[in-house]
Amino acid sequence: MLATPDGEREAALRYLTHLAERASAAETSSEVAEVLTEVAAPVHGLLLLTREVIVRSWIAASNLHGAAPGEEPEPLAPLGGAASSLSEAARVVRQARNHAARRTQPPTTVPTPYRVQSAASRRR
């Protein structure tokens, strides 16, 4: 969906907006995990698809400039780092997703018995 031009761009933007709204409206950890899965899934996650776009653009631009790997013009050279950062971000989001998926219900607190200390024990 994100790879198509013009009219489909609006659909992609609506999809991203919908994901943000789903995250805001989430009432359970599993709902949060579902949104994070869309963002960082290993094959079709948004972060990894974005990384793929950056890597392919980096390669294409380097080829068009006739640059050997590692000798890209300054504006192109940082794209490799950006691609690595997206991979790392996807890993972090997947970890958060896994944590959210494990927490299916809000934690319950167990009340601790309240003990009144005597004045003598407080002085010790």
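The values are calculated or read from the model by the stated rules, or taken from the named source; none is laboratory data. These figures come from a predicted structure and were not determined experimentally. Because the Cβ atoms are built from the backbone with ideal geometry, glycine has one as well, and the counts that use them run over all protein chains shown. Each accessible area value is taken on the protein alone, full model and side chains, heavy atoms only, with ligands, DNA and RNA left out. Shrake-Rupley method; radii C 1.70, N 1.55, O 1.52, S 1.80 Å.
Check the range 56-68 and report whether any residue there is at pLDDT below 85, over 30 Å from Arg9 (Cα atoms) and surrounded by 14 or more Cβ atoms within 10 Å (Cβ to Cβ). Scanning the range 56-68, I find at least one residue that is at pLDDT below 85, over 30 Å from Arg9 (Cα atoms) and surrounded by 14 or more Cβ atoms within 10 Å (Cβ to Cβ), so the answer is yes.
Among the residues of the range 23-54, what is the count of those that are under 18 Å from Arg97 (Cβ atoms), of a type in the set (Val, Ile, Thr) and either modelled with pLDDT of 90 or more or surrounded by 15 or more Cβ atoms within 10 Å (Cβ to Cβ) (or both)?
So the answer is 6.
Checking the structure you have, find out if any residue of the range 58-73 is polar (S, T, N, Q), in contact (Cβ under 8 Å) with a residue 12 or more places away in the chain, farther than 25 Å from Gln95 by Cα and assigned to a helix (DSSP H, G or I). Checking the range 58-73: at least one residue is polar (S, T, N, Q), in contact (Cβ under 8 Å) with a residue 12 or more places away in the chain, farther than 25 Å from Gln95 by Cα and assigned to a helix (DSSP H, G or I). Within the set Leu19, Leu36, the sole residue that is within 16 Å of Arg91 (Cβ to Cβ), touching a residue at least 12 places away in the same chain (Cβ under 8 Å) and of a type outside the set (Lys, Arg) turns out to be Leu36.
Only residues that are within 22 Å of Ala100 (Cα to Cα) and open to solvent by less than 50 Å² (accessible area, probe 1.4 Å) were counted in the range 5-22, giving 1. Across the range 77-93, the qualifying residues are those that are over 13 Å from Arg51 (Cα atoms) and surrounded by 14 or more Cβ atoms within 10 Å (Cβ to Cβ), and the one among them that is farthest from the chain's Cα centre (by Cα) is Ala77.
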